[in-house]
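The values are calculated or read from the model by the stated rules, or taken from the named source; none is laboratory data. Here the structure is a predicted model, which is why all the values come from computation and not from measurement. Positions of Cβ are generated from backbone atoms using ideal geometry, with glycine treated the same way; all protein chains shown enter the neighbour counts.
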Amino acid sequence: MSERTALPPEQILSERQEELRERAARLVERLVLALKEVPATDEDVSLLLDAAERLRSFFLLVLVGEFNSGKSALINALLGAAVMPEGVTPTTSAVHVLRYGASPGERVTPGGVIEHTFPAPLLQDVSLVDTPGTNAIVREHEVLSQGFVPRADLVLFITSADRPFTESERRFMEEIRDWGKKIVLVVNKIDLLQTEEERRQVERFVRDNALKLLGLQPELFAVSARRARLAELAESPAERAELRRSSDFAPFERFLIDSLDQEQRVRLKILNPLGIVERLSSRYHALVRERLGLLERDVQTLEQIELRLDSYRAEMRADFTGYLSRVETIVRRMNERADRFFEDTIRLGRVVDLMNRDRIRADFDEQVVADTERQIDQTVQEMIDWMVSRDLRIWQAVQEYIDRRELDRHTGEVIGEPAGSFHYDRQAVLQAVGRRADEVLERYDPEREGSSIANSIRDAVAQTALVEVGAVGLGAVVVALATSVAFDVTGILAAIMVGSLGLLILPYRKRKARELLQRRSAELLERLHETLADQFEREIERSVARVRDTVGPYGAFVRGEREKLGRIGGALDGIEADVRETRRLLGE
């Protein structure tokens with residue numbers, strides 16, 4: 001090729017080409033910023049930065065295929081010199097980059113890439129990359145090939161006519177397809193085929209499989225790089241012409257010249273980062289959607305916990321009403337007995353007894369108070385046990401919810417995640433919440449919790465009523481209040497004197513006593529209702545607040561990640577839309 005036709009030298013870009021190149025560079029920058037929030041792997045970020053830098057570098061033509069498919073021979077034929085070693089075993093064990101130089105040279109870069117310089121006209125505008133075989137025994141060879149493919153502006157996919165489109169080549173072509181690269185198929189070694197029909201069968205086989213795999217028909221050339229190289233070395237013009245003709249190398253060379261003119265090089269150069277942006281944006285967009293799906297299930301879990309708390313409140317309030325009614329009924333019946341007691345006691349026939357306070361009090365305790373204290377304490381204790389049981393149950397429910405969410409782990413292995421990334425952080429939050437719930441359950445002492453609630457309720461009733469009761473139960477507090485009411489009434493009788501005046505005012509005193517008893521009893525029940533309800537609500541909210549405090553970090557993480565991932569997803573949507581528009585402007 002060096003003796004026949006040289007590619008046109010690099011020219012100054014047109015205004016439109018420069019605009020499209022800058023547009024592609026901005027897309028890369030936008031994706032880098034978006035992926036840093038994911039975060040993306042260092043390799044992918046480096047690939048993007050490299051793609052932006054390569055927009056202003058030489059055109060990169062990468063050759064891939066199985067070892068012994070003739071990649072090195074094809075390069076030598078293109079350059080018209082034995083620059084690359086050839087052989088029947090894997091001779092290319094590293095990536096080789098061929099650039100233009102005034103004289104032949106070779107050096108190994110720190111990354112292990114072997115750089116060659118050679119004074120071939122083709123290399124003035126194009127850098128060639130020879131990669132290890134896709135089926136090499138040393139698997140690192142394939143890794144090197146796959147690592148270099150994303151950087152290619154154009155891929156020459158070389159397959160051998162004697163074993164066309166092998167399984168390793170099919171897998172490798174899928175990788176190239178996913179990067180959105182322009183592919184040119186070259187069936188090498190056609191000199192090994194005996195007839196023209198065999199050649200057509202091989203070409204048809206490669207075309208059909210490429211179409212199935214790529215969804216489009218790439219350019220395909222069937223050549224013999226060996227014969228093209230022999231033509232370069234032939235002494236006889238006739239032999240040289242025959243070897244050139246039978247090699248079918250000329251159509252392939254003309255295609256490269258036409259494809260790699262100034263306009264096409266710029267177009268393919270811009271398409272290269274667009275393909276990388278599309279591939280990485282698609283991969284990380286899928287990851288964002290997967291994470292959002294996981295977070296959506298987390299949101300549902302948090303909503304279930306909140307619904308469980310709402311249900312807990314509703315159930316508690318409904319059942320509490322029953323317990324409160326029972327307590328009020330007990331107190332009301334005691335007051336009714338007190339009303340009957342005064343009706344029977346404050347009368348003329350018991351004037352003498354009325355003057356004996358100790359006797360009246362003893363009768364009052366026996367006939368009115370009776371076992372009221374025990375009934376109230378029993379009912380309240382049942383209520384407290386029920387409250388403690390429900391409180392424990394809500395913690396068990398939270399623990400079950402968290403345990404189930406911990407099991408919903410990341411299953412995708414497409415992109416490696418560094419420590420401190422989304423799934424690591426999510427599991428850490430869930431584990432912390434789970435540990436706290438476990439600690440609550442492990443330390444949960446129903447007796448202690450019940451005693452705390454009982455003391456809180458009793459003290460609240462006592463403080464509201466300004467009664468000093470010490471360490472007695474709620475029943476004793478209520479009875480003390482009721483007794484004080486009763487003896488407020490009996491105190492009216494203290495001024496009654498035996499005589500005509502006392503006998504005349506007795507009915508009046510009796511009526512006043514009953515009215516006072518009814519008023520004070522109503523006040524007692526109202527106070528008891530308000531105080532118990534208030535304390536009950538405090539206990540419910542305390543329980544709910546403890547759960548929310550425990551689950552809070554989980555909710556904060558979910559809300560924060562949803563907002564961040566939504567923002568990243570929106571940015572990726574915009575980038576992908578702009579990539580499509582840029583492709584349209586490039587005529588894709």
For residue 480, indicate whether it is at pLDDT 85 or above, of a type in the set (A, V, I, L, M) and either assigned to a helix (DSSP H, G or I) or loosely packed, with under 13 Cβ neighbours inside 10 Å (or both).
-> no
Residue 54: in contact with a strand residue (DSSP E or B) (Cβ under 9 Å, 6 or more places away or on another chain), modelled with pLDDT of 85 or more and either closer than 22 Å to residue 271 by Cα or among the aromatic types (Phe, Trp, Tyr) (or both), yes or no?
-> no
Of the residues 236, 259, 224, which is surrounded by 22 or more Cβ atoms within 10 Å (Cβ to Cβ) and hydroxyl-bearing (Ser, Thr, Tyr)?
-> 224
Just wondering, is there one or more residues in region 202-211 that are hydrophobic (A, V, I, L, M, F, W, C), assigned to a helix (DSSP H, G or I) and outside the structural domain of residue 156 (by TED's automatic domain parsing)?
-> no
Of all residues in region 172-214, count the ones that are closer than 17 Å to residue 161 by Cα and among the acidic types (Asp, Glu).
-> 6
Say we look at region 577-588 and pick out the residues that are assigned to a helix (DSSP H, G or I) and surrounded by fewer than 17 Cβ atoms within 10 Å (Cβ to Cβ); which of these is farthest from the chain's Cα centre (by Cα)?
-> 585
Look at residue 307 and say whether it is at pLDDT 90 or above, part of a helix (DSSP H, G or I) and among the hydrophobic types (A, V, I, L, M, F, W, C).
-> yes
Condition check for residue 244: more than 57 Å from the chain's Cα centre (by Cα), closer than 23 Å to residue 165 by Cβ and surrounded by 13 or more Cβ atoms within 10 Å (Cβ to Cβ) | no
With respect to residue 30, determine if the residue is basic (Lys, Arg), modelled with pLDDT of 90 or more and out of contact with any Cys (no Cβ under 7 Å at 6 or more places or on another chain).
-> yes
Do we find a residue being more than 27 Å from residue 387 (Cβ to Cβ), surrounded by 18 or more Cβ atoms within 10 Å (Cβ to Cβ) and modelled with pLDDT under 90 anywhere in region 556-568?
-> no
Output the qualifying pairs, or none if there are none: Cβ atoms under 7 angstrom, residues six or more apart or on different chains, first residue in region 394-407 and farther than 16 Å from residue 307 by Cβ, second residue surrounded by fewer than 18 Cβ atoms within 10 Å (Cβ to Cβ) and polar (S, T, N, Q).
-> 406/427; 406/431
Report, ordered by the first and then the second residue, all pairs with beta carbons closer than 8 Å, sequence separation of six or more or different chains, a first member in region 101-119 that is assigned to a loop (DSSP other than H, G, I, E, B), and a second member that is surrounded by fewer than 11 Cβ atoms within 10 Å (Cβ to Cβ).
-> 119/102; 119/103
Tell me, please, whether a residue that is assigned to a loop (DSSP other than H, G, I, E, B), farther than 30 Å from residue 180 by Cα and in the same structural domain as residue 84 (by TED's automatic domain parsing) can be found in region 222-235.
-> yes
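Considering 545, 513, 522, which residue is assigned to a helix (DSSP H, G or I), of a type in the set (A, V, I, L, M, F, W, C), modelled with pLDDT under 90 and exposed (fewer than 13 other Cβ atoms within 10 Å of the Cβ)?
Going through 545, 513, 522 in turn, the sole match is 522.
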For region 122-149, name all the residues that are farther than 28 Å from residue 166 by Cβ and either modelled with pLDDT of 85 or more or touching a Gly at 6+ places or on another chain (Cβ under 6 Å) (or both).
-> 123
Quickly run through region 212-221 and pick out the residues that are under 17 Å from residue 172 (Cβ atoms) and among the hydrophobic types (A, V, I, L, M, F, W, C).
-> 213, 214, 220
From 405, 393, 409, which residue is among the basic types (Lys, Arg), at pLDDT 80 or above and surrounded by fewer than 17 Cβ atoms within 10 Å (Cβ to Cβ)?
-> 393
